[in-house]
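First comes the structure, then the notes that go with it.
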Amino acid sequence: MKITDAKVFVGGPGKNYVTLKIITDQGIYGLGDATLNNRETLPAVYLRDYLIPNLIGMDPRNSEDIWQFFYRGAYFRRGPIAMAAFGAIDMALWDIKGKLAGLPLYQLFGGKSRDGALLYAHATGADLPELMDSVAYYVEQGYKAVRVQCGIPGMPTASYAVPDQKGDGRDFVTDFSGIRPKVEVWDNDRYMRFMPDALAEVRDRFGAELKLLHDVHHRLLPREAAALAKAVEPVGLYWLEDPTPAEDQDALRLIRQHSTTPIAIGEVFNSIWDCNRLIEQELIDFIRVSVTYAGGITHVRRIVDLASLHHVRTGFHGAPSHSPVSMAAQAHLNTWAPNFGIQEYLVLGTPECDALFPSDHRQEQGLFHVSYTPGLGVDFDEKEAERYDYAPGSHPVVRLEDGTMWNY
Ligand code: CS2
Ligand code: MG
């Protein structure tokens, strides 16, 4: 069996999805997602100029050898661009493998460990009343877990995942459009004074059952993060995410020393080498890698297996920049993983997205159910893809009130 062609498509509804299609001499093809948010053209070029010329002629069934060929062959290993490109190839090869076997991928991983995978939605508000309305909106839809983000009174600009004007705390998606980044102004003290009480009010309003998650989004110093994790302990959060910048892993030790609030980290990690110490030293409770940024199914399975040895559960990243292809790959991993925790899930099921990526996976009552379709169980409509062009975008940058550059 030989790979005869591979095509890269960049574009999609509201997102520059980078979709890879690997075609074989037996007419079977596989799909992969290499969408690196706001840097999408880079994995696309990496695929077109460096990887696909080598891929042609290879036997798609040797996914492990092909992963090692590109990872070791790069010499300059790892990094988000390379791992997103390798990850897309790997997803596509697993898709082909499942189609060849006539089985959905979770069956090749070891079968079902659960019927539906728990999802969490994104509730947000420019202020607390709007956040309460947004949480109620997702609870009504059957979600059992909701992430809560809220505008901070007195903050000069809207902050991470918060609408910059009142009125749309439902189905809110951050607008990254434009090559020049928006500038957010931020202050840790204002946030620290507001957020613990805000989270406590959400808990009081929605009761003990609802799983509440909050993303600090890398903003705090280790001492502040330890103080926040301690202050929100009575709220009983499902997790506190990215409390400190992810590079400094020792910062999490201070948080552990001062609180039992569950910690989730990992969406910016690209390989097992970014998180093995964190997992082995049990400094986190949830690992948030994604198959797109961390080298595909082959590599993420290694991270999941390591995590399962240390009581660390999965909480795969699922921001809107992950296309239905990688979300399908993660859904199969979530169906199999013995240490599955939760999956981040955003409004993927828009009519435009479904037209571009037809699939019979379904989301119901806050749970994701994979279909029995062989492979990933998601397809790609090349005709539909012609409707979409690449549109440059950029993450906002964050400055403190005195102008100091800070973390988005
Ligand atoms: C966020 C992301 O979903 C999350 O947990 O941290 O939305 C993140 O801001 C984006 O993926 C950045 O591209
Ligand atoms: Mg996050």
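Each value in this text was obtained by applying a stated rule to the coordinates, not by laboratory testing. These figures come from a predicted structure and were not determined experimentally. Quick reminder, even Gly has a Cβ in these numbers, built from the backbone with ideal geometry, and neighbours come from all protein chains shown.
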### Query
Of the peptides 381-391, 306-316, how do they stack up when ordered by the mean number of other Cβ atoms within 10 Å, highest first?
306-316, 381-391
### Query
What residues have an amide H closer than 5 Å to that of Trp186, excluding those fewer than 5 places away on the same chain, when H is modeled at 1.01 Å from N in the peptide plane?
Arg399, Leu400, Glu401
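I want the antiparallel fraction of DSSP beta bridges within the chain, as a percent rounded to 5. It would help to have the intermediate numbers written out before the result.
Working: 21 of 46 bridges.
Around 45 percent antiparallel, to the nearest 5.
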### Query
Using 7 Å Cα-to-Cβ label points, what is the Ile179/Leu221 separation (nm, one decimal)?
3.7 nm
### Message
Need one number: % antiparallel among DSSP beta bridges in the stretch 263-408, to the nearest 5.
### Response
55 percent
### Message
Could you tell me how far the Cα centroid of the stretch 151-176 sits from the Cα centroid of the stretch 71-91, in Å?
### Response
34 Å
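Could you tell me which of the pairs Lys15/Lys383; Lys182/Lys211; Lys2/Lys97; Lys166/Lys211 are separated by over 21 angstrom between their Cα atoms in the structure shown?
Details: Lys15/Lys383 17 Å; Lys182/Lys211 32 Å; Lys2/Lys97 13 Å; Lys166/Lys211 25 Å.
Result: Lys182/Lys211; Lys166/Lys211 exceed 21 Å.
What 222 nm value per residue comes from the helices of the chain, counting each DSSP H run with n ≥ 4 as -39,500 (n - 2.57) and dividing by all residues, nearest 500 deg cm²/dmol?
Values: 14 runs with 140 residues, N = 408.
So the calculated ellipticity at 222 nm is -10000 deg cm²/dmol.
Convex hull over the Cα atoms of the chain, averaged projected area in nm²?
Numbers: hull surface 73.7 nm².
In nm², the orientation-averaged hull projection of the chain is 18.4.
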### Message
Ignoring solvent entirely, what values of log10 I(q)/I(0) come out of the Debye formula for the stretch 300-381 at 0.22 Å⁻¹ when each Cα is a single scatterer?
### Response
-1.06
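Where does each of 72-80, 114-122, 325-333, 272-280 land if you order them by average Cβ count within 10 Å, highest first?
Peptide ranking by packing, descending: 325-333, 114-122, 272-280, 72-80.
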### Message
For the stretch 170-231, place one equal point scatterer on every Cα, skip the solvent, and apply the Debye formula. What is log10 of I(q)/I(0) at q = 0.19 Å⁻¹?
### Response
-0.94
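Give me the Kirkwood hydrodynamic radius of the stretch 1-49 in Å, from all C-alpha pairs, to one decimal place?
On the way: mean 1/r = 0.0884 Å⁻¹.
Its Kirkwood hydrodynamic radius stands at 11.3 Å.
Rank the residues Thr335, Thr157 as a footprinting-exposure proxy: fewest other Cβ atoms within 10 Å of their Cβ go first. Spell out each step's value before the answer.
Details: Thr335 24, Thr157 15.
The order, fewest Cβ neighbours first, is Thr157, Thr335.
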### Query
Using modelled backbone amide H atoms (1.01 Å from N, in-plane), which distant-in-sequence or interchain residues come within less than 5 Å of Glu344's amide H?
Tyr120, Phe316, Gly318
#### Entry: Of Lys7/Lys144; Lys144/Lys230; Lys99/Lys144, pairs whose Cα-Cα distance is over 28 Å
Lys7/Lys144; Lys99/Lys144
